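The values are calculated or read from the model by the stated rules, or taken from the named source; none is laboratory data. Being a predicted model, the structure only gives us computed values, none of them experimental. When we count neighbours, we look across all protein chains shown, and the Cβ atoms used for this are built from the backbone with ideal geometry, even at glycine. Keep in mind that these areas ignore ligands, DNA and RNA; they rest on the heavy atoms of the full protein, side chains included. Shrake-Rupley method; radii C 1.70, N 1.55, O 1.52, S 1.80 Å.
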Amino acid sequence: MIYTKNAIDAFERRYRANFINSLGGFKSLVLIGTKNSDGSENLATFSSLFHLGADPALCGIILRPATPFSSTLDNIVEQQYYTINHVSPAFVKQAHQCSAKYPKGVSEFEQVGLSPEYVENIPAPFVRESTLKFACKFVQQTAIELNGTTLVIGQITTVLVPDTYVKEDGYIDIEEAGTVTSSGLDSYHTTNRIERLPYAKP
């Protein structure tokens, strides 16, 4: 079957969202923790995290257009910090529920039964149940006019990971850590490594 642009445009809205979201393959699944100036904690599900560079250590996320329920971007810009928390199989259902449109000021931590955790002087909450997590300082946001989304770039400032998952060459074994990945909008997966190959040279 060949799907043309016209055919894709004619899809029912939800069908098209599932189709296009599945097309890109497996994606990182993380929970982003933030807090506003009033102390309200927010926890949101994201599958748009990507690596931007290691020197300096940067990562990016794409945020959907703002709605009356959106808190993540406002909190990031206001507080300048946010946390990124890997999801494990033990709490994948709670992570999925964090994508629900709770009103602003309602804590997803409380609603889904996950625990906020604060480390050092970072004002944003981590997820206590997460095995691998890190904090970012807000660096830059860029509006993407094509679809109203926003690119947020953060600099990684603090990483929390058990020593057993960090190998001699610095590689973090996320499979051993139990990190879950996602495909589409609502499908979650564990992984099986094929092999780890040496650095490629001509």
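For the reader, a short list of remarks on this structure follows.
- Taking chymotrypsin sites (Phe, Trp or Tyr not before Pro) across segment 1-33, the ones in a DSSP loop with at most 14 further Cβ atoms lying within 10 angstrom of their Cβ are TYR3, PHE11, PHE26.
- Percentage of interatomic Cα-Cα distances in segment 1-57 larger than 15 Å: 69 percent
- The share of alpha-carbon pairs in the chain lying farther apart than 26 Å comes to 36%.
- Segment 23-116 pair-distance distribution - Cα-Cα, 10 Å bins, rounded %: 15, 49, 30, 6
- Rule-of-thumb Rg ratio for segment 70-174 [Cα; 2.2 N^0.38 Å; N residues]: 1.17
- Per atom type, the chain shows carbon and sulfur on 53% of its accessible surface, probed at 1.4 Å.
- Near CYS59, once Lys and Arg are set to +1 and Asp and Glu to -1 for all other residues with Cβ below 14 Å from its Cβ, the sum equals +2.
- With all protein chains kept in place, the per residue accessible area of segment 56-200 amounts to 57 square angstrom at a probe of 1.4 angstrom.
- The distance separating the Cα centre of segment 109-153 from that of segment 1-80 comes to 12 Å.
- Two-decimal Rg to Rh for segment 162-201 - Kirkwood Rh, Cα set: 1.06
- Chymotrypsin sites (Phe, Trp or Tyr not before Pro) lying in DSSP loop within segment 148-201, provided at most 14 other Cβ fall within 10 Å: TYR171, TYR199
- Sites excluded, trypsin sites (Lys or Arg not before Pro) in DSSP loops with at most 16 other C-beta within 10 Å, longest stretch of the chain: 1-100
- For the chain, adding -39500 (n - 2.57) for each run of n ≥ 4 DSSP H residues and dividing by the number of residues yields -4500 deg cm²/dmol at 222 nm.
- Within segment 100-202, the GluC sites (Glu not before Pro) that combine a DSSP coil assignment with at most 11 other C-beta atoms in a 10 angstrom radius are GLU120, GLU145, GLU168, GLU195.
- Cβ charges +1 (Lys, Arg) and -1 (Asp, Glu), total dipole of the chain, debye: 640 debye
- Charge tally in the Cβ shell below 13 Å around ARG128, where Lys, Arg are +1 and Asp, Glu are -1, ARG128 excluded: -2
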